[in-house]
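The values are calculated or read from the model by the stated rules, or taken from the named source; none is laboratory data. If you're wondering where the values come from, they're calculated on a predicted model, not measured in any experiment. Cβ: placed from backbone, ideal geometry, glycine included. Neighbour counts: every protein chain shown. Remember, those area values only see protein heavy atoms, side chains included, never the ligands or the DNA or RNA. Shrake-Rupley method; radii C 1.70, N 1.55, O 1.52, S 1.80 Å.
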Amino acid sequence: MSDQNPEVVGQPGAVDTHCHLFLLDREPSGVVEAAKSAGVDRLICVGVDPETSRKSLELAESIEGVFATAGMHPHDASAFDKEAGARIEELLHDPRVLAVGECGLDFFRMHSPKEDQERVFKVHIALSNDTSKPLVVHVREAWPDVLRVLDEGSAERVVIHCFSGDAEIARECAARGYWVSFAGNLTYPKNEGFRQAAKALDIDRILVETDSPFLAPQKLRGQDNEPANVMATIAEIARVRGDDVADVINATAKNARAAFTGLP
(Lines give C-alpha, C1' and ligand atoms only; values in the text may rest on other atoms or scores of the structure.)
Protein backbone atom coordinates (compact mmCIF):
# COMPACT_ATOMS: atom_id res chain seq x y z
CA MET A 1 0.00 0.00 0.00
CA SER A 2 1.51 3.30 -1.02
CA ASP A 3 -0.70 5.77 0.86
CA GLN A 4 1.49 5.94 3.97
CA ASN A 5 1.50 8.76 6.48
CA PRO A 6 4.25 11.11 5.20
CA GLU A 7 5.11 12.24 8.72
CA VAL A 8 6.38 8.83 9.78
CA VAL A 9 7.65 7.01 6.69
CA GLY A 10 11.33 6.23 7.05
CA GLN A 11 11.43 6.17 10.85
CA PRO A 12 13.18 2.87 11.73
CA GLY A 13 12.46 0.24 14.29
CA ALA A 14 8.68 -0.02 14.78
CA VAL A 15 7.09 -3.34 15.79
CA ASP A 16 3.69 -4.55 14.60
CA THR A 17 2.82 -6.82 17.51
CA HIS A 18 -0.26 -8.39 15.92
CA CYS A 19 -0.94 -9.19 12.28
CA HIS A 20 -2.33 -12.13 10.30
CA LEU A 21 -0.10 -12.42 7.24
CA PHE A 22 -1.79 -15.67 6.22
CA LEU A 23 -5.07 -13.81 5.62
CA LEU A 24 -3.66 -11.19 3.26
CA ASP A 25 -4.18 -11.48 -0.50
CA ARG A 26 -0.68 -10.16 -1.22
CA GLU A 27 2.39 -12.37 -1.02
CA PRO A 28 3.60 -12.19 2.62
CA SER A 29 7.22 -11.51 1.63
CA GLY A 30 6.12 -8.45 -0.34
CA VAL A 31 4.00 -7.25 2.57
CA VAL A 32 6.96 -7.57 4.91
CA GLU A 33 9.24 -5.69 2.52
CA ALA A 34 6.69 -2.85 2.30
CA ALA A 35 6.56 -2.75 6.09
CA LYS A 36 10.33 -2.54 6.33
CA SER A 37 10.36 0.29 3.80
CA ALA A 38 7.92 2.15 6.06
CA GLY A 39 10.16 1.60 9.11
CA VAL A 40 8.55 -1.52 10.62
CA ASP A 41 11.32 -4.03 11.22
CA ARG A 42 9.58 -6.66 13.35
CA LEU A 43 6.17 -8.30 12.85
CA ILE A 44 4.39 -10.86 15.02
CA CYS A 45 2.10 -13.09 12.95
CA VAL A 46 -0.67 -14.31 15.23
CA GLY A 47 -2.31 -17.71 14.90
CA VAL A 48 -6.02 -18.15 15.50
CA ASP A 49 -6.16 -21.98 15.48
CA PRO A 50 -3.65 -24.85 15.22
CA GLU A 51 -3.40 -24.67 11.43
CA THR A 52 -2.87 -20.90 11.18
CA SER A 53 -0.49 -21.08 14.12
CA ARG A 54 1.56 -23.58 12.11
CA LYS A 55 1.38 -21.28 9.08
CA SER A 56 2.55 -18.38 11.23
CA LEU A 57 5.60 -20.36 12.31
CA GLU A 58 6.35 -21.32 8.70
CA LEU A 59 6.28 -17.63 7.77
CA ALA A 60 8.57 -16.85 10.70
CA GLU A 61 10.97 -19.52 9.49
CA SER A 62 11.03 -18.20 5.93
CA ILE A 63 10.88 -14.39 6.27
CA GLU A 64 13.39 -12.36 8.24
CA GLY A 65 11.83 -10.14 10.89
CA VAL A 66 8.66 -12.23 11.26
CA PHE A 67 7.78 -14.08 14.44
CA ALA A 68 4.76 -16.17 15.43
CA THR A 69 2.25 -17.06 18.12
CA ALA A 70 0.13 -20.17 18.69
CA GLY A 71 -3.40 -20.31 20.02
CA MET A 72 -7.13 -20.64 19.43
CA HIS A 73 -9.39 -17.65 18.86
CA PRO A 74 -12.54 -17.57 21.04
CA HIS A 75 -14.70 -17.76 17.91
CA ASP A 76 -13.45 -21.33 17.45
CA ALA A 77 -13.37 -22.37 21.09
CA SER A 78 -15.96 -25.11 20.55
CA ALA A 79 -13.52 -26.86 18.20
CA PHE A 80 -10.74 -26.93 20.79
CA ASP A 81 -10.05 -30.51 21.89
CA LYS A 82 -7.10 -32.52 23.21
CA GLU A 83 -5.58 -32.79 19.73
CA ALA A 84 -5.81 -29.03 19.13
CA GLY A 85 -4.31 -28.36 22.53
CA ALA A 86 -1.43 -30.75 21.87
CA ARG A 87 -0.67 -29.15 18.50
CA ILE A 88 -0.60 -25.67 20.02
CA GLU A 89 1.55 -26.82 22.92
CA GLU A 90 4.04 -28.42 20.53
CA LEU A 91 4.35 -25.20 18.52
CA LEU A 92 5.07 -23.26 21.69
CA HIS A 93 8.36 -25.16 22.11
CA ASP A 94 9.78 -23.30 19.09
CA PRO A 95 11.67 -20.12 20.09
CA ARG A 96 10.20 -18.27 17.08
CA VAL A 97 6.75 -18.72 18.63
CA LEU A 98 6.82 -15.82 21.04
CA ALA A 99 3.39 -15.98 22.70
CA VAL A 100 0.25 -17.95 23.50
CA GLY A 101 -2.85 -16.86 21.62
CA GLU A 102 -4.74 -15.18 20.24
CA CYS A 103 -7.24 -16.33 22.83
CA GLY A 104 -9.81 -14.75 25.12
CA LEU A 105 -13.52 -13.99 25.20
CA ASP A 106 -15.82 -12.53 22.54
CA PHE A 107 -19.40 -12.08 23.71
CA PHE A 108 -20.29 -9.89 20.73
CA ARG A 109 -20.18 -12.44 17.91
CA MET A 110 -20.78 -15.48 20.12
CA HIS A 111 -19.54 -18.01 17.56
CA SER A 112 -18.83 -20.33 20.50
CA PRO A 113 -20.81 -20.59 23.76
CA LYS A 114 -19.53 -18.69 26.78
CA GLU A 115 -18.66 -21.86 28.67
CA ASP A 116 -16.48 -23.14 25.81
CA GLN A 117 -14.76 -19.79 25.44
CA GLU A 118 -13.96 -19.65 29.14
CA ARG A 119 -12.76 -23.26 29.23
CA VAL A 120 -10.34 -22.69 26.36
CA PHE A 121 -9.20 -19.34 27.71
CA LYS A 122 -8.21 -21.03 30.98
CA VAL A 123 -6.17 -23.64 29.09
CA HIS A 124 -4.29 -20.85 27.30
CA ILE A 125 -3.59 -19.05 30.58
CA ALA A 126 -2.08 -22.24 31.96
CA LEU A 127 0.05 -22.67 28.82
CA SER A 128 1.27 -19.10 29.17
CA ASN A 129 2.25 -19.60 32.78
CA ASP A 130 3.91 -22.95 32.04
CA THR A 131 5.96 -21.65 29.12
CA SER A 132 6.64 -18.16 30.51
CA LYS A 133 5.42 -16.79 27.18
CA PRO A 134 2.97 -13.87 27.16
CA LEU A 135 -0.73 -14.32 26.63
CA VAL A 136 -2.28 -12.43 23.68
CA VAL A 137 -5.84 -11.67 24.75
CA HIS A 138 -8.84 -10.86 22.54
CA VAL A 139 -11.63 -9.02 24.37
CA ARG A 140 -14.97 -7.97 22.94
CA GLU A 141 -17.98 -7.10 25.09
CA ALA A 142 -16.46 -9.24 27.86
CA TRP A 143 -14.26 -7.07 30.05
CA PRO A 144 -15.53 -8.15 33.51
CA ASP A 145 -15.26 -11.83 32.61
CA VAL A 146 -11.84 -11.50 30.97
CA LEU A 147 -10.39 -9.74 33.99
CA ARG A 148 -12.00 -12.29 36.34
CA VAL A 149 -10.62 -15.30 34.43
CA LEU A 150 -7.16 -13.73 34.21
CA ASP A 151 -7.28 -13.28 37.99
CA GLU A 152 -8.49 -16.82 38.60
CA GLY A 153 -5.73 -18.23 36.39
CA SER A 154 -3.06 -16.02 37.96
CA ALA A 155 -2.02 -14.90 34.49
CA GLU A 156 1.54 -13.63 34.75
CA ARG A 157 2.23 -11.86 31.43
CA VAL A 158 -0.64 -10.40 29.44
CA VAL A 159 -0.95 -8.40 26.22
CA ILE A 160 -4.41 -6.95 25.63
CA HIS A 161 -4.75 -7.07 21.85
CA CYS A 162 -6.66 -4.39 19.92
CA PHE A 163 -7.73 -2.48 23.01
CA SER A 164 -11.40 -1.52 22.94
CA GLY A 165 -12.03 -0.21 26.42
CA ASP A 166 -12.09 3.22 28.02
CA ALA A 167 -9.47 5.06 30.05
CA GLU A 168 -10.62 3.45 33.31
CA ILE A 169 -10.21 -0.07 31.93
CA ALA A 170 -6.84 0.88 30.42
CA ARG A 171 -5.62 2.09 33.81
CA GLU A 172 -6.87 -1.13 35.44
CA CYS A 173 -4.97 -3.22 32.88
CA ALA A 174 -1.81 -1.18 33.46
CA ALA A 175 -2.16 -1.51 37.23
CA ARG A 176 -2.15 -5.28 36.75
CA GLY A 177 1.06 -5.04 34.74
CA TYR A 178 -0.57 -5.80 31.40
CA TRP A 179 0.52 -4.28 28.11
CA VAL A 180 -2.20 -2.52 26.12
CA SER A 181 -2.04 -2.70 22.33
CA PHE A 182 -3.73 -0.20 20.02
CA ALA A 183 -4.71 -0.85 16.39
CA GLY A 184 -5.87 1.21 13.41
CA ASN A 185 -9.35 1.72 14.87
CA LEU A 186 -7.72 4.22 17.23
CA THR A 187 -7.86 6.61 14.25
CA TYR A 188 -11.62 6.27 13.65
CA PRO A 189 -13.56 9.46 14.45
CA LYS A 190 -16.06 7.70 16.72
CA ASN A 191 -13.38 6.13 18.94
CA GLU A 192 -12.50 9.08 21.14
CA GLY A 193 -12.66 6.75 24.16
CA PHE A 194 -9.77 4.70 22.76
CA ARG A 195 -7.74 7.87 22.27
CA GLN A 196 -8.39 8.94 25.84
CA ALA A 197 -7.22 5.51 26.97
CA ALA A 198 -3.98 5.91 25.01
CA LYS A 199 -3.52 9.33 26.60
CA ALA A 200 -4.18 7.99 30.12
CA LEU A 201 -1.55 5.25 30.04
CA ASP A 202 2.11 5.54 30.87
CA ILE A 203 4.02 5.10 27.63
CA ASP A 204 5.78 1.97 28.96
CA ARG A 205 2.47 0.05 28.88
CA ILE A 206 1.60 0.82 25.24
CA LEU A 207 2.05 -1.48 22.23
CA VAL A 208 0.95 -0.98 18.63
CA GLU A 209 -0.45 -3.38 16.05
CA THR A 210 -2.40 -3.52 12.81
CA ASP A 211 -4.48 -6.70 13.21
CA SER A 212 -3.95 -6.97 9.43
CA PRO A 213 -5.89 -7.44 7.23
CA PHE A 214 -8.52 -5.90 9.52
CA LEU A 215 -8.94 -2.37 10.90
CA ALA A 216 -7.17 -0.29 8.29
CA PRO A 217 -6.56 3.25 9.60
CA GLN A 218 -9.07 5.96 8.78
CA LYS A 219 -7.29 7.21 5.63
CA LEU A 220 -7.31 3.67 4.18
CA ARG A 221 -10.68 2.37 5.42
CA GLY A 222 -12.24 -0.06 2.99
CA GLN A 223 -8.85 -1.50 2.01
CA ASP A 224 -7.02 -4.48 3.44
CA ASN A 225 -4.79 -3.38 6.26
CA GLU A 226 -1.06 -4.18 6.19
CA PRO A 227 1.74 -4.04 8.79
CA ALA A 228 3.24 -0.88 7.23
CA ASN A 229 0.13 0.96 8.40
CA VAL A 230 1.04 0.54 12.06
CA MET A 231 2.78 3.87 11.50
CA ALA A 232 -0.62 5.58 11.30
CA THR A 233 -1.50 4.26 14.76
CA ILE A 234 1.86 5.42 16.10
CA ALA A 235 1.26 8.87 14.64
CA GLU A 236 -2.19 9.07 16.26
CA ILE A 237 -0.82 8.02 19.64
CA ALA A 238 1.84 10.69 19.35
CA ARG A 239 -0.78 13.29 18.41
CA VAL A 240 -3.18 12.59 21.29
CA ARG A 241 -0.38 12.37 23.86
CA GLY A 242 1.60 15.35 22.55
CA ASP A 243 4.67 13.14 22.04
CA ASP A 244 7.18 13.03 19.21
CA VAL A 245 6.53 10.27 16.69
CA ALA A 246 10.12 9.04 17.00
CA ASP A 247 9.71 8.75 20.76
CA VAL A 248 6.55 6.67 20.38
CA ILE A 249 8.26 4.40 17.84
CA ASN A 250 11.18 3.86 20.18
CA ALA A 251 9.03 3.37 23.29
CA THR A 252 6.58 0.94 21.71
CA ALA A 253 9.42 -1.07 20.16
CA LYS A 254 11.13 -1.26 23.56
CA ASN A 255 7.83 -2.31 25.13
CA ALA A 256 7.34 -5.01 22.50
CA ARG A 257 10.69 -6.53 23.43
CA ALA A 258 9.77 -6.39 27.12
CA ALA A 259 6.41 -8.06 26.49
CA PHE A 260 7.66 -10.61 23.93
CA THR A 261 11.00 -11.46 25.46
CA GLY A 262 12.11 -13.66 22.55
CA LEU A 263 11.87 -10.73 20.14
CA PRO A 264 15.36 -9.59 19.09
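What's the Cα-based Rg to Rh of the stretch 127-190, Rh via Kirkwood? Walk me through the intermediate numbers first.
Numbers: Rg = 12.1 Å, Rh = 12.4 Å.
A ratio of 0.98.
If each of Glu64 and Glu141 carries a label point 7 Å out from its Cα toward its Cβ, how far apart are those two points in nm?
About 4.6 nm, to one decimal.
Round to the nearest 10 and report in Å² the accessible area of Glu89, as given by a 1.4 Å probe over the protein chains' heavy atoms.
90
State the number of lysine pairs found in the stretch 93-233 whose Cα atoms come within less than 21 Å, restricting to pairs 8 or more positions apart or on distinct chains.
Numbers: Lys114/Lys122; Lys122/Lys133; Lys190/Lys199; Lys190/Lys219.
Total qualifying Lys-Lys pairs in the stretch 93-233 comes to 4.
In nm, what is the difference between 0.36 nm times the number of residues separating Phe214 and Ser132 and their Cα-Cα distance? Walk me through the numbers before you get to the answer.
Working: separation 82, 0.36 × 82 = 29.52 nm, distance 2.86 nm.
Full extension from Phe214 to Ser132 adds 26.7 nm.
Can you give the FRET efficiency to the nearest 0.05 for Glu152 and Asp204, using r as the Cβ-Cβ distance and R₀ = 30 Å? Can you show the working numbers first?
Working: r = 27 Å, r/R0 = 0.89.
So, using R0 = 30 Å, E works out to roughly 0.65.
Principal axis lengths of the chain from Cα atoms, whole Å, largest first?
48, 41, 32 Å, listed from the longest principal axis down.
Applying a 10 Å radius around every beta-carbon, put 135-142, 173-180, 65-72 in order of their mean neighbour count, most first.
Working: 135-142: 23.9, 173-180: 18.9, 65-72: 28.5.
Top to bottom by mean Cβ count within 10 Å: 65-72, 135-142, 173-180.
Measuring from centroid to centroid over Cα atoms, what is the spacing of the stretch 66-102 and the stretch 202-247 in Å?
Using only Cα atoms, the two centres lie 26 Å from each other.
Quick one: which residues, 5+ away or cross-chain, put their amide H under 5 Å from the amide H of His18? H built at 1.01 Å from N.
Those lying under 5 Å, H to H, from His18 are Ile44, Thr210, Asp211.
Take the stretch 220-264, compute every pairwise Cα distance, and split them into 10 Å bins from 0; I just need the percent in each bin.
25, 43, 29, 2
Hey, with R₀ at 22 Å, roughly what FRET efficiency would Met110 and Ala167 work out to, going by the Cβ-Cβ distance, to 0.05?
Numbers: r = 27 Å, r/R0 = 1.23.
The value I calculate is 0.20.
Over the stretch 121-199, what percent of the accessible surface lies on carbon and sulfur atoms, probe 1.4 Å? Write down the numbers at each step before the final one.
Numbers: 1500 of 3120 Å².
For the stretch 121-199, the apolar C and S fraction of the accessible surface comes to 48 percent.
In the stretch 159-186, whose amide N lies under 11 Å from the spot 7 Å out along Cα-to-Cβ of Gln196? List them in ranges.
166-169
What value, in deg cm²/dmol to 500, does the helix sum -39500 (n - 2.57) over DSSP H runs of n ≥ 4 give at 222 nm once divided by the residues of the chain? Kindly include the intermediate steps, with their values, before the conclusion.
On the way: 9 runs with 106 residues, N = 264.
That comes out to -12500 deg cm²/dmol.
Enter the accessible area per residue of the stretch 1-152 (Å², integer; probe 1.4 Å; all protein chains in place). Show your work: numbers first, answer last.
On the way: 6510 Å² over 152 residues.
Dividing the accessible area of the stretch 1-152 by its residue count gives 43 Å².
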